[in-house]
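What follows is calculated from the coordinates using simple rules that are stated; it is not laboratory data. Quick caveat: nothing in here was measured; it's all calculated off a predicted structure. Cβ coordinates were reconstructed from backbone atoms using ideal geometry, including for glycine residues, and neighbour counts include every protein chain displayed.
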Amino acid sequence: MQLKQLLEDDGAVSPVIGVILMVAITVILAAVIGSFVLNLGQGVQQTAPQASFEFDYNTTAGTSNVTITHQSGDSITATQLDTAGATWHNESLGWNSSYTTVNAGDSLTKNASDGFSGQTIRVVWSSQNGETSATLSQSKAPGGA
């Protein structure tokens, strides 16, 4: 008789399941609130765009120019792009001086004030908050060793 009574007694099942569910809900809420407080979700949105650029160098009569053309890939906010690797004749001339958004086919011509001498020219993307950056494309300029 006691075995039959033990199998039919399910009085403690409901409180145990209730406690397990309450613990699970508490853990999930703590994780969600913690991610907002620690700002963990913002880093996910700060990924670098995928884009390819072409570099066309022209060094004649003492001037060294490079034309950088966005070949394909994501459209990029112009204020988030920079061109590095040389001392530019006009530092203020950047992607945002000609474009709001840089799309495939858009190009920028820059003049190296001291020539290129084999420097690596890079197109650099920076996140809106400035916390992350990435080199989207790079090219070794002609000249130098």
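If you go through region 122-145 and pick out every residue that is under 19 Å from Gln80 (Cα atoms), part of a strand (DSSP E or B) and among the hydroxyl-bearing types (Ser, Thr, Tyr), you end up with 4. Which of the residues spanning region 93-120 are within 13 Å of Thr69 (Cβ to Cβ), part of a strand (DSSP E or B) and hydrophobic (A, V, I, L, M, F, W, C)? Scanning region 93-120 gives Val102, Leu108.
Any idea which of Thr77, Thr63 is loosely packed, with under 15 Cβ neighbours inside 10 Å and hydroxyl-bearing (Ser, Thr, Tyr)?
Values: Thr77 fails: loosely packed, with under 15 Cβ neighbours inside 10 Å.
Criteria check complete, one pass: Thr63.
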